[in-house]
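The values are calculated or read from the model by the stated rules, or taken from the named source; none is laboratory data. Fair warning: this is a prediction, and the values are worked out from it, not measured in the lab. Here the Cβ positions follow ideal geometry from the backbone for every residue, glycine too, while neighbour counts run over all protein chains shown. Side chains included, ligands, DNA and RNA excluded: accessible areas come from the protein's heavy atoms. Shrake-Rupley method; radii C 1.70, N 1.55, O 1.52, S 1.80 Å.
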Amino acid sequence: MKKRTRVLALTVAVAMSASLLAGCSSSAQQGEAAASSEAPASTTAAADGEEDNIIRVGVVCSMTGGSAIYGEGAQNAIAMAVEEINAGDSGYKIEIVNGGKVADDAKDAKQAMNAYNKVMADSPEGIVGSFFSSVTLPMAEQASKDGMLLLATGATNADVTLKGDTIFRNCFIDPYQGKMAALFAKDKGFTKAAVIYAKDDDYSNGLKDAFIENCEANGIEVAYTGECMSTDTDFSSQAAQAVASGAELLYYPCFLDTVPLLVGAARNAGFTGAIMGGDAWDGSDTTGLAAQFEDCYFTNHYSSEDTAPAVQNFVQKYTEKYGTESLNACAALYYDAMYMLVQAAENAGGTDTASLVKGMTGMSFTGVDGNITLDENGDAIKSIAVNTYVDGAVKWTETLGSDGKVVSKAE
């Protein structure tokens, strides 16, 4: 039912929004400029109404709380990408508004809107973020109303891009990720699965629904479905019921801060089968739990062990600058997002929001996260990596194509 037919109306709306924003935020911009010495003079925006080669970008991610490791990766990755782009010969440069800093959504919907409004006050031409579906959904809705381009990164909920014509993402969507997990289970010969999911989280619900639907379609019995909250720390009851169900695979589509607790609880309850999650497992702390994480898997946007030149170049540069602790898929997605904005400007020949939206529409892009094609909804059609753990360390096991078949595998 999407979405690309209102180009003229969108252009007018963007122009009006930009005019209004310029009128109400000029003093705030001056204050930011005076307060920050980080942005080089070469990235100063052109005068009102004057087109330039600078793409002004607002960035939102979780910088505090249990998921702050994602925000750290995002901040590092955009800094590295912007440095490369601004020193390159594309003809375009990027300026990160908000003094070059990622605005903190704190993995909270209300705080996400505060972060969105904060970067909007600095008159960006596009916004990148966020990594979480629950905080990106309200931002996407508002961005659509504002005629603002929003390029979501890890927000995999299917509804994100349906909010409007200016919303895109470079990650896969929940139905696709849940389907791939079910096809992985089928390929491994599992016939009975259990699911524990966070009922208060959009991401968790989306993966749960897709996994169960595709298990049933592929002859895998879902013998137990248990609920928890995203803030829970005790999973002993659900783990015991998963064991009692006779499941061979336990699917836990929740975020990294609770993954060690769930894995530990499942193993302590006597669950000896495989445990699997989604991309939100990336960065989970396995300290002291190496044995428990054996035979655990998660789907992800890329693997740092992929031998593709784009991946290895990114991994090498990132590791040299920042180490490996925050070298996660979130960092890779934010890094690629910067280059996608440049390609959008190249495609459409301009850096204003309407041009970026036009250039992003239907884009084919190759980056750290592989070959990406944006479909009619602005969703990324791409391969999906499956990782496992060896001695507590993440190891790539295989990459699946969109049909669920293995396209490459670790030796």
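Structure notes:
- Remark: pairs (first residue in region 56-69, among the basic types (Lys, Arg); second residue open to solvent by less than 20 Å² (accessible area, probe 1.4 Å) and at pLDDT 95 or above; Cβ separation under 7 Å; 6+ apart in sequence or on different chains) = Arg56/Val97; Arg56/Pro124.
- Residue in region 246-263 that is farther than 19 Å from Ala182 by Cβ, hydroxyl-bearing (Ser, Thr, Tyr) and more than 25 Å from the chain's Cα centre (by Cα) present: no
- Annotation: of all residues in region 86-112 being over 30 Å from Ser134 (Cβ atoms) and not basic (Lys, Arg), the one that is most open to solvent (accessible area, probe 1.4 Å) is Asp89.
- Within region 231-248, the set of residues being assigned to a loop (DSSP other than H, G, I, E, B) and touching a helix residue (DSSP H, G or I) at 6+ places or on another chain (Cβ under 7 Å) comprises Thr233, Phe235.
- Subset of region 249-270 that is in a helix (DSSP H, G or I) and of a type in the set (Gly, Ala, Ser) - its residue that is surrounded by the most Cβ atoms within 10 Å (Cβ to Cβ): Ala266
- Restricting attention to region 236-248 and to residues that are open to solvent by less than 50 Å² (accessible area, probe 1.4 Å) and polar (S, T, N, Q), the residue that is farthest from Lys199 (Cα to Cα) turns out to be Ser245.
- Scanning region 356-378 for residues that are open to solvent by 10 Å² or more (accessible area, probe 1.4 Å), charged (D, E, K, R) and in a loop (DSSP other than H, G, I, E, B) yields a total of 2.
- Test for Glu72: is it open to solvent by 50 Å² or more (accessible area, probe 1.4 Å), modelled with pLDDT of 95 or more and within 26 Å of the chain's Cα centre (by Cα): yes
- Candidate set from region 318-355 (those that are more than 29 Å from Ser304 (Cβ to Cβ) and aliphatic (A, V, I, L, M)); member that is most open to solvent (accessible area, probe 1.4 Å): Ala348
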